Amino acid sequence: MDQKILRNYEIAKEQYAEFGIDVDQALEQLAKIKISMHCWQGDDVKGFLFKDQDLSGGIAATGNYPGAARTPEELRADLDKAFSLIPGKHKVNLHAIYADTDEKVDLDKLETKHFQKWIDWAKANGLGLDFNPTCFSHEKSSDGLTLSHPNEEIRRFWIDHVKASRHISASFGEQLGQTSVMNVWVPDGYKDIPADRLGPRKRLKESLDEAFAEELNKSYHLDAVESKLFGLGAEAYTVGSHEFYMGYGLQNNKLICLDAGHFHPTEVISNKLSALSLFVEGILLHVSRPVRWDSDHVVILDDELLDIGKELVRGDLLGKTHIGLDFFDASINRVAAWVIGTRNTIKALLRAMLEPIEALRQAELAGDYTTRLALTEEFKTYPFGAVWDYYCAKSGVPVREEWLAEVKNYEQEVLLKR
């Protein structure tokens, strides 16, 4: 290891130790945290099951940067490159449309065999897998309705798809020895004001009840449900609102997914974590960056990401929270987007672990809000960067911006030749 990195780390350790912060212990804890990196950043949410199907469901990927993955093999190669530049061992989050098969199969008939190559790849690389039913970009979702559809035949198709997805997810967990989290999000809603708000929600609840009826081993598989405020084509009414899914998740012991972009512009999910944690078995986070709306920008180390990290660490919530990423940007190098977003998420957690949490709590309990504010501000300039550099070097990945040269070389040697 570079002696300058090591020297800076030792100096930083001494500074943090003055407040009782064990930096080595923090890094040990950090190394155990798995970020679920989303596959759809690599190909702009197109997938491989229906190659001629247009993206729909209120989802849009903007930009035409060269090098998008066109096959499962290319996508796995891009993921390999990204993981080689990110410290730690993590997970990959797959959508159903990313099946790796030559068989012509529809969503309701998918089986584990259609994802076996993904499982074998993950096992060979020490990775976990998470899963999502794909309730969009399909002819049976063309009117923006799936599990709440008034047509029973269409509704049955989507129920069967969720059922099939749960079995695939459970197979991921069983074969890889890492619990697979399967998240259900549907785009259902109306562009203009509905005459009946209750009816679609009743149908959605009944569909979910049937889809989730079979008990699966929670060591292998966990169900999560995800709300949304609105979407393109569903501006006036979203069936699966936050209130709907909070009630459903609490009543049925499902993970409740909080997506950073799925709330009002003045809302933040960091402020919801502690409240929700008191009532749920677990939480799924979709870490994204909304710019004025659910735009899924690449995650940066902004105030909200730092606050999410603080809440998870200060509230000791890491054990019950599953952290996944959900952004896609086709205007920049897609591998770089993965690396930037994932490294930033890990940085936010590390920085939270290097706070004088006990001193802050004691000051607050004593009503000494001056000390609370002073320490919070002073620690913003403590040598967190030196600890991060050491963690990267120790993990065998590039330090600071050194990773960018590798991505640029990969672009020249691989991406631009596609």
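Things to note:
- Every residue from the range 371-387 that is of a type in the set (Val, Ile, Thr) and either touching a helix residue (DSSP H, G or I) at 6+ places or on another chain (Cβ under 8 Å) or on the phi > 0 side of the Ramachandran plot (or both): Thr371, Thr376, Val387
This table checks each residue for (1) crowded, with 22+ Cβ neighbours inside 10 Å; (2) in a helix (DSSP H, G or I); (3) among the β-branched types (Val, Ile, Thr); (4) over 20 Å from the mean Cα position of the chain (by Cα).
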position	(1), (2), (3), (4)
Gly57	yes, no, no, no
Ala82	yes, yes, no, no
Asp100	no, no, no, yes
Val105	no, no, yes, yes
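- The one condition in (1) of a type outside the set (S, T, N, Q); (2) assigned by TED's automatic domain parsing to the domain that holds Leu127; (3) surrounded by 22 or more Cβ atoms within 10 Å (Cβ to Cβ) that Lys46 fails to fulfil: (3)
- Annotation for the range 114-129: no member residue is of a type in the set (Val, Ile, Thr), without any contact (Cβ under 8 Å) to a residue 24 or more places away in the chain and assigned to a helix (DSSP H, G or I).
- Here the helices (runs of 4 or more DSSP H) wholly within the range 330-412 that include at least 1 residues being under 24 Å from the mean Cα position of the chain (by Cα) are 334-353, 384-395.
- Check on Glu226, buried (at least 22 other Cβ atoms within 10 Å of the Cβ) and not small (Gly, Ala, Ser): yes
- Of note, Thr146 satisfies the criterion of being surrounded by 22 or more Cβ atoms within 10 Å (Cβ to Cβ), polar (S, T, N, Q), in the same structural domain as Thr342 (by TED's automatic domain parsing) and not in a helix (DSSP H, G or I).
- Test result for Ile308, surrounded by 23 or more Cβ atoms within 10 Å (Cβ to Cβ), within 24 Å of Asp389 (Cα to Cα) and either touching a residue at least 40 places away in the same chain (Cβ under 8 Å) or touching a strand residue (DSSP E or B) at 6+ places or on another chain (Cβ under 8 Å) (or both): yes
- Restricting attention to the range 81-135, the residues that are in contact with a Cys (Cβ under 8 Å, 6 or more places away or on another chain) and closer than 21 Å to Ser395 by Cβ total 2.
- Among strands (runs of 3 or more DSSP E) entirely within the range 198-313, having at least 3 residues that are more than 28 Å from Met37 (Cβ to Cβ) singles out no element at all.
The values are calculated or read from the model by the stated rules, or taken from the named source; none is laboratory data. Remember, predicted model here, so these are calculated numbers, not experimental data. Note that each Cβ is placed from the backbone with ideal geometry, even for glycine, and that neighbours are counted across all protein chains shown.
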